[in-house]
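See structure below.
The values are calculated or read from the model by the stated rules, or taken from the named source; none is laboratory data. All of these numbers come straight from a predicted model, not from anything done at the bench. No Cβ is skipped: glycine too gets one built from the backbone with ideal geometry, and neighbour counts run over all protein chains shown.
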Amino acid sequence: MSEIVYVNGKYVAKEDAVISVFDRGFLMSDAVYEVASVINGKLLDNGAHLARLDRSLGELSIKWPMPKDELVSHMEELVKRNDLSEGLVYLQVTRGVAPRDFSLPDVEPTLVMFTMVKSILASPAADKGIRVITTPDIRWQRRDIKTTSLLAASMARQEALNAGADDAWLVEDGHITEGSSNNAFIVTTDGVLVSPSLARGMLHGITRKAVLGLAEQEGLKIEERTFTPDEAYQAAEAFSTSASSVVMPVVQIDDHIMSNGAPGPIANKLRALYLKMAVEQGGVADNQ
Ligand code: PDD
(Lines give C-alpha, C1' and ligand atoms only; values in the text may rest on other atoms or scores of the structure.)
Protein backbone atom coordinates (compact mmCIF):
# COMPACT_ATOMS: atom_id res chain seq x y z
CA MET A 1 0.00 0.00 0.00
CA SER A 2 1.35 3.42 -0.93
CA GLU A 3 1.75 6.02 1.80
CA ILE A 4 -1.15 8.42 2.05
CA VAL A 5 -0.38 12.13 2.12
CA TYR A 6 -2.78 14.92 3.03
CA VAL A 7 -2.72 17.94 0.69
CA ASN A 8 -5.22 20.79 0.98
CA GLY A 9 -8.26 18.75 1.95
CA LYS A 10 -7.42 15.57 0.02
CA TYR A 11 -5.92 12.23 1.02
CA VAL A 12 -3.80 11.06 -1.90
CA ALA A 13 -1.10 8.48 -2.65
CA LYS A 14 2.30 10.12 -2.11
CA GLU A 15 3.09 9.88 -5.86
CA ASP A 16 0.03 12.04 -6.55
CA ALA A 17 0.67 14.68 -3.87
CA VAL A 18 1.45 18.00 -5.59
CA ILE A 19 1.59 21.69 -4.73
CA SER A 20 2.02 24.71 -6.99
CA VAL A 21 5.52 25.87 -7.95
CA PHE A 22 4.25 29.33 -6.91
CA ASP A 23 3.63 28.17 -3.37
CA ARG A 24 5.47 30.57 -1.06
CA GLY A 25 6.63 27.67 1.07
CA PHE A 26 8.56 26.41 -1.94
CA LEU A 27 9.79 29.81 -3.21
CA MET A 28 10.45 31.76 0.02
CA SER A 29 10.43 29.25 2.92
CA ASP A 30 7.30 31.18 3.90
CA ALA A 31 6.05 28.23 5.90
CA VAL A 32 5.94 26.73 9.37
CA TYR A 33 5.84 23.10 10.46
CA GLU A 34 5.44 20.69 13.33
CA VAL A 35 6.66 17.16 13.91
CA ALA A 36 4.73 15.11 16.46
CA SER A 37 5.54 11.56 17.45
CA VAL A 38 3.10 8.68 17.41
CA ILE A 39 3.29 5.81 19.88
CA ASN A 40 0.79 2.95 19.79
CA GLY A 41 -1.14 4.85 17.12
CA LYS A 42 -1.57 7.92 19.35
CA LEU A 43 -0.19 11.40 18.84
CA LEU A 44 2.15 12.45 21.62
CA ASP A 45 1.72 15.82 23.33
CA ASN A 46 -0.20 17.06 20.29
CA GLY A 47 -1.93 19.83 22.23
CA ALA A 48 1.49 21.40 22.89
CA HIS A 49 2.53 21.00 19.24
CA LEU A 50 -0.62 22.76 18.05
CA ALA A 51 -0.17 25.54 20.60
CA ARG A 52 3.32 26.11 19.16
CA LEU A 53 1.91 25.97 15.62
CA ASP A 54 -0.57 28.66 16.64
CA ARG A 55 2.29 30.82 17.89
CA SER A 56 4.40 30.25 14.73
CA LEU A 57 1.44 31.13 12.48
CA GLY A 58 0.65 34.19 14.58
CA GLU A 59 4.22 35.52 14.50
CA LEU A 60 4.14 35.41 10.67
CA SER A 61 0.46 36.36 10.20
CA ILE A 62 -0.20 33.13 8.29
CA LYS A 63 -3.83 32.01 8.56
CA TRP A 64 -4.88 28.79 10.23
CA PRO A 65 -5.79 26.43 7.39
CA MET A 66 -8.85 25.20 9.35
CA PRO A 67 -10.15 25.17 12.93
CA LYS A 68 -7.83 23.37 15.35
CA ASP A 69 -10.21 20.49 16.15
CA GLU A 70 -10.59 19.74 12.43
CA LEU A 71 -6.83 19.69 12.05
CA VAL A 72 -6.55 17.22 14.94
CA SER A 73 -9.15 14.98 13.24
CA HIS A 74 -7.18 15.03 10.00
CA MET A 75 -3.93 14.21 11.83
CA GLU A 76 -5.64 11.24 13.50
CA GLU A 77 -7.24 10.17 10.23
CA LEU A 78 -3.86 10.27 8.49
CA VAL A 79 -2.33 8.09 11.23
CA LYS A 80 -5.20 5.64 10.72
CA ARG A 81 -5.03 5.62 6.92
CA ASN A 82 -1.30 4.91 7.05
CA ASP A 83 -1.81 2.30 9.75
CA LEU A 84 0.94 4.04 11.72
CA SER A 85 1.67 2.49 15.06
CA GLU A 86 5.01 4.16 15.84
CA GLY A 87 6.60 7.10 14.06
CA LEU A 88 5.99 10.73 13.22
CA VAL A 89 3.37 13.02 11.74
CA TYR A 90 4.86 15.91 9.76
CA LEU A 91 2.59 18.91 9.24
CA GLN A 92 3.41 22.01 7.21
CA VAL A 93 1.40 25.18 6.67
CA THR A 94 2.61 27.63 4.03
CA ARG A 95 1.27 31.12 3.46
CA GLY A 96 -0.15 29.87 0.17
CA VAL A 97 0.17 30.44 -3.56
CA ALA A 98 0.89 33.90 -4.98
CA PRO A 99 2.98 35.52 -7.74
CA ARG A 100 6.59 35.71 -6.51
CA ASP A 101 7.01 38.91 -4.51
CA PHE A 102 8.82 39.98 -1.35
CA SER A 103 5.74 41.34 0.39
CA LEU A 104 3.53 38.98 2.39
CA PRO A 105 0.28 38.44 0.48
CA ASP A 106 -3.05 37.69 2.13
CA VAL A 107 -3.86 34.35 0.48
CA GLU A 108 -5.28 30.98 1.51
CA PRO A 109 -2.73 28.78 3.26
CA THR A 110 -1.49 25.43 2.00
CA LEU A 111 -1.64 22.45 4.38
CA VAL A 112 0.44 19.35 3.76
CA MET A 113 0.80 16.38 6.12
CA PHE A 114 2.50 13.02 5.88
CA THR A 115 3.60 10.27 8.24
CA MET A 116 6.97 8.60 8.74
CA VAL A 117 7.54 5.18 10.22
CA LYS A 118 10.16 5.43 12.97
CA SER A 119 10.97 3.38 15.99
CA ILE A 120 10.66 5.76 18.95
CA LEU A 121 10.61 3.40 21.93
CA ALA A 122 13.51 1.21 20.84
CA SER A 123 16.51 3.18 19.59
CA PRO A 124 19.94 1.67 18.91
CA ALA A 125 21.34 5.24 18.73
CA ALA A 126 19.99 6.04 22.20
CA ASP A 127 21.40 2.75 23.57
CA LYS A 128 24.84 3.67 22.29
CA GLY A 129 24.74 7.46 22.49
CA ILE A 130 25.70 9.84 19.70
CA ARG A 131 28.73 11.97 18.87
CA VAL A 132 28.35 15.69 18.22
CA ILE A 133 30.61 18.40 16.90
CA THR A 134 30.26 22.10 17.68
CA THR A 135 29.95 24.54 14.80
CA PRO A 136 28.95 28.21 14.43
CA ASP A 137 25.21 28.88 14.54
CA ILE A 138 24.65 30.67 11.22
CA ARG A 139 20.83 30.46 11.36
CA TRP A 140 18.60 33.54 11.29
CA GLN A 141 17.51 35.26 14.48
CA ARG A 142 13.85 34.10 14.62
CA ARG A 143 14.68 30.56 15.61
CA ASP A 144 11.77 30.68 18.05
CA ILE A 145 9.45 30.33 15.04
CA LYS A 146 9.38 26.80 13.63
CA THR A 147 9.87 27.72 9.98
CA THR A 148 10.98 25.47 7.16
CA SER A 149 14.14 27.59 6.67
CA LEU A 150 16.30 24.60 7.54
CA LEU A 151 19.24 25.00 5.17
CA ALA A 152 21.69 26.24 7.84
CA ALA A 153 20.65 23.41 10.15
CA SER A 154 21.05 20.88 7.31
CA MET A 155 24.53 22.25 6.52
CA ALA A 156 25.49 21.84 10.18
CA ARG A 157 24.17 18.26 10.25
CA GLN A 158 26.08 17.41 7.05
CA GLU A 159 29.25 18.96 8.47
CA ALA A 160 28.86 16.62 11.45
CA LEU A 161 28.34 13.59 9.23
CA ASN A 162 31.34 14.55 7.10
CA ALA A 163 33.41 14.70 10.29
CA GLY A 164 32.30 11.18 11.25
CA ALA A 165 29.91 12.44 13.96
CA ASP A 166 26.13 12.19 14.23
CA ASP A 167 24.96 15.74 14.90
CA ALA A 168 26.09 19.32 15.45
CA TRP A 169 25.61 21.58 18.45
CA LEU A 170 25.43 25.19 17.34
CA VAL A 171 27.50 27.95 18.92
CA GLU A 172 26.66 31.66 18.98
CA ASP A 173 28.69 34.28 20.86
CA GLY A 174 30.67 31.46 22.47
CA HIS A 175 27.61 29.64 23.81
CA ILE A 176 25.66 26.58 22.69
CA THR A 177 22.20 27.52 21.43
CA GLU A 178 20.74 24.12 20.42
CA GLY A 179 21.41 21.08 18.30
CA SER A 180 20.75 21.13 14.55
CA SER A 181 17.23 19.78 15.18
CA ASN A 182 17.01 19.37 18.95
CA ASN A 183 17.52 21.10 22.29
CA ALA A 184 20.81 20.68 24.16
CA PHE A 185 21.32 19.66 27.80
CA ILE A 186 24.31 18.96 30.03
CA VAL A 187 24.54 17.58 33.55
CA THR A 188 27.33 19.20 35.54
CA THR A 189 29.65 17.19 37.77
CA ASP A 190 27.57 18.56 40.69
CA GLY A 191 24.47 16.90 39.18
CA VAL A 192 22.83 20.11 37.95
CA LEU A 193 20.76 19.79 34.77
CA VAL A 194 21.52 22.75 32.48
CA SER A 195 19.75 23.75 29.27
CA PRO A 196 20.01 27.08 27.46
CA SER A 197 17.16 29.39 28.43
CA LEU A 198 14.51 30.14 25.82
CA ALA A 199 15.36 33.82 26.07
CA ARG A 200 18.13 33.32 23.56
CA GLY A 201 15.87 33.02 20.53
CA MET A 202 15.62 29.30 20.01
CA LEU A 203 12.91 26.77 19.51
CA HIS A 204 10.62 26.15 22.47
CA GLY A 205 11.03 22.38 22.34
CA ILE A 206 7.97 20.41 23.38
CA THR A 207 10.14 17.50 24.50
CA ARG A 208 12.48 19.89 26.34
CA LYS A 209 9.56 21.19 28.38
CA ALA A 210 8.28 17.72 29.23
CA VAL A 211 11.77 16.52 30.18
CA LEU A 212 12.36 19.55 32.41
CA GLY A 213 9.04 18.74 34.13
CA LEU A 214 10.14 15.15 34.73
CA ALA A 215 13.54 16.30 36.00
CA GLU A 216 11.79 18.58 38.46
CA GLN A 217 9.59 15.73 39.69
CA GLU A 218 12.76 13.69 40.18
CA GLY A 219 14.12 16.47 42.40
CA LEU A 220 16.97 17.37 40.05
CA LYS A 221 18.45 20.83 40.33
CA ILE A 222 17.75 22.67 37.07
CA GLU A 223 19.40 25.74 35.61
CA GLU A 224 18.08 27.32 32.42
CA ARG A 225 21.10 29.26 31.28
CA THR A 226 23.67 29.29 28.55
CA PHE A 227 26.78 27.15 28.62
CA THR A 228 29.95 27.18 26.58
CA PRO A 229 31.47 24.27 24.66
CA ASP A 230 34.20 24.19 27.35
CA GLU A 231 31.63 23.73 30.09
CA ALA A 232 30.00 20.99 28.03
CA TYR A 233 33.35 19.20 27.60
CA GLN A 234 33.78 19.17 31.41
CA ALA A 235 30.20 18.05 32.11
CA ALA A 236 29.31 14.66 33.60
CA GLU A 237 26.74 13.99 30.87
CA ALA A 238 25.13 15.51 27.82
CA PHE A 239 22.00 14.78 25.83
CA SER A 240 19.57 16.35 23.39
CA THR A 241 15.77 16.27 23.15
CA SER A 242 13.32 16.32 20.25
CA ALA A 243 10.00 14.79 19.30
CA SER A 244 11.68 12.35 16.94
CA SER A 245 14.53 11.16 19.18
CA VAL A 246 12.99 11.87 22.60
CA VAL A 247 16.06 11.97 24.91
CA MET A 248 19.25 11.20 22.99
CA PRO A 249 22.40 10.67 25.07
CA VAL A 250 25.56 12.37 23.76
CA VAL A 251 28.76 10.43 24.41
CA GLN A 252 31.25 12.67 22.61
CA ILE A 253 31.44 16.43 22.02
CA ASP A 254 34.22 17.37 19.60
CA ASP A 255 37.27 15.45 20.91
CA HIS A 256 35.89 15.04 24.43
CA ILE A 257 34.46 11.71 25.52
CA MET A 258 31.46 12.15 27.84
CA SER A 259 30.42 9.84 30.68
CA ASN A 260 33.10 7.27 29.78
CA GLY A 261 31.74 6.93 26.27
CA ALA A 262 28.37 5.49 27.32
CA PRO A 263 24.96 7.14 27.88
CA GLY A 264 24.88 8.80 31.30
CA PRO A 265 22.53 7.68 34.09
CA ILE A 266 20.47 10.88 34.16
CA ALA A 267 19.93 10.86 30.38
CA ASN A 268 18.91 7.19 30.57
CA LYS A 269 16.58 7.86 33.46
CA LEU A 270 14.88 10.83 31.80
CA ARG A 271 14.49 8.89 28.56
CA ALA A 272 12.89 5.97 30.40
CA LEU A 273 10.58 8.26 32.38
CA TYR A 274 9.47 10.13 29.27
CA LEU A 275 8.72 6.95 27.35
CA LYS A 276 6.89 5.43 30.32
CA MET A 277 4.72 8.52 30.60
CA ALA A 278 4.12 8.52 26.83
CA VAL A 279 3.03 4.89 26.76
CA GLU A 280 0.98 5.03 29.96
CA GLN A 281 -0.81 8.23 29.18
CA GLY A 282 -1.32 7.31 25.53
CA GLY A 283 -0.04 10.62 24.26
CA VAL A 284 1.32 12.55 27.29
CA ALA A 285 -1.39 15.19 27.29
CA ASP A 286 -4.73 15.70 25.61
CA ASN A 287 -4.67 15.92 21.84
CA GLN A 288 -6.76 19.03 21.48
N1 PDD B 1 13.06 19.33 15.27
N2 PDD B 1 15.39 22.79 18.17
C3 PDD B 1 15.30 22.69 16.83
C4 PDD B 1 16.12 23.61 16.00
C5 PDD B 1 14.45 21.73 16.24
O6 PDD B 1 14.37 21.65 14.90
C7 PDD B 1 13.70 20.86 17.08
C8 PDD B 1 12.76 19.83 16.53
C9 PDD B 1 13.83 21.00 18.48
C10 PDD B 1 13.08 20.11 19.44
O11 PDD B 1 11.71 20.46 19.52
P12 PDD B 1 10.61 19.36 19.87
O13 PDD B 1 11.00 18.75 21.18
O14 PDD B 1 9.38 20.14 19.97
O15 PDD B 1 10.60 18.35 18.76
C16 PDD B 1 14.68 21.97 18.98
C17 PDD B 1 12.10 18.45 14.64
C18 PDD B 1 11.90 17.15 15.36
C19 PDD B 1 12.44 18.30 13.17
O20 PDD B 1 12.69 19.32 12.58
O21 PDD B 1 12.38 17.20 12.63
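From the residues in segment 30-46 that are over 13 Å from Met277 (Cα atoms) and within 10 Å of the ligand (Cβ to nearest atom), which one is surrounded by the most Cβ atoms within 10 Å (Cβ to Cβ)?
Of everything passing the filter in segment 30-46, Ser37 is surrounded by the most Cβ atoms within 10 Å (Cβ to Cβ).
Pull up segment 105-118, narrow it to residues that are in contact with a Ser or Thr (Cβ under 7 Å, 6 or more places away or on another chain) and in contact (Cβ under 8 Å) with a residue 60 or more places away in the chain, then point me to the one that is surrounded by the fewest Cβ atoms within 10 Å (Cβ to Cβ). Working first, answer last.
Keep residues of segment 105-118 that are in contact with a Ser or Thr (Cβ under 7 Å, 6 or more places away or on another chain), which gives 109-110, 118.
In the following step, the residues that additionally are in contact (Cβ under 8 Å) with a residue 60 or more places away in the chain were identified as 110, 118.
Values: Thr110: 23, Lys118: 14.
Per the stated criteria, the residue is Lys118.
Taking segment 1-59, which residues are over 19 Å from the mean Cα position of the chain (by Cα) and among the charged types (D, E, K, R)?
Glu3, Lys10, Lys14, Glu15, Asp16, Asp23, Arg24
Could you please give the count of residues in segment 130-154 that are crowded, with 18+ Cβ neighbours inside 10 Å and closer than 12 Å to Ser180 by Cβ?
Total satisfying the criteria: 9.
Only residues that are in a strand (DSSP E or B) and within 11 Å of the ligand (Cβ to nearest atom): list them for segment 218-247, please. Write out each step before concluding.
Here is the first cut: in segment 218-247, the ones in a strand (DSSP E or B) are 221-224, 237-242, 246-247.
Of everything in segment 218-247, those that are in a strand (DSSP E or B) and within 11 Å of the ligand (Cβ to nearest atom) turn out to be Ser240, Thr241, Ser242, Val246, Val247.
For the list (1) closer than 25 Å to Ala278 by Cβ; (2) part of a helix (DSSP H, G or I); (3) hydrophobic (A, V, I, L, M, F, W, C), I need the number of the one condition that Leu57 fails.
Here Leu57 meets the rest and fails (1).
Please determine whether any residue of segment 251-266 is within 16 Å of the ligand (Cβ to nearest atom) and in contact with a strand residue (DSSP E or B) (Cβ under 7 Å, 6 or more places away or on another chain).
no
Does Ser2 fit the bill of being at pLDDT below 95, more than 16 Å from the ligand (Cβ to nearest atom) and out of contact with any Phe, Trp or Tyr (no Cβ under 6 Å at 6 or more places or on another chain)?
Yes; evaluated as a whole, the condition is true for this residue.
Since Phe185 meets every condition but one in (1) touching a helix residue (DSSP H, G or I) at 6+ places or on another chain (Cβ under 7 Å); (2) crowded, with 24+ Cβ neighbours inside 10 Å; (3) closer than 27 Å to Ser149 by Cβ, which condition does it not meet?
That leaves (1) as the condition not met.
So Leu214 clears everything in (1) touching a residue at least 60 places away in the same chain (Cβ under 8 Å); (2) in a helix (DSSP H, G or I); (3) surrounded by 17 or more Cβ atoms within 10 Å (Cβ to Cβ); (4) near the ligand (Cβ under 9 Å from one of its atoms) except one condition, right? Which one?
Checking Leu214 against (1) touching a residue at least 60 places away in the same chain (Cβ under 8 Å); (2) in a helix (DSSP H, G or I); (3) surrounded by 17 or more Cβ atoms within 10 Å (Cβ to Cβ); (4) near the ligand (Cβ under 9 Å from one of its atoms), the one that fails is (4).
Yes/no matrix, rows are residues, columns are (1) in a loop (DSSP other than H, G, I, E, B); (2) touching a residue at least 60 places away in the same chain (Cβ under 8 Å); (3) not assigned by TED's automatic domain parsing to the domain that holds Glu86:
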residue	(1), (2), (3)
Val12	no, no, no
Val18	yes, no, no
Val21	yes, no, no
Gly25	no, yes, no
Gly47	no, yes, no
Ala51	no, no, no
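Being more than 12 Å from the ligand (Cβ to nearest atom) and assigned to a helix (DSSP H, G or I) is the filter here; which residues of segment 165-199 pass it?
Ala199 - this is the single residue of segment 165-199 that is more than 12 Å from the ligand (Cβ to nearest atom) and assigned to a helix (DSSP H, G or I).
Every residue in segment 47-86 that is crowded, with 17+ Cβ neighbours inside 10 Å and among the charged types (D, E, K, R), please.
Matches in segment 47-86: Arg52, Glu76.
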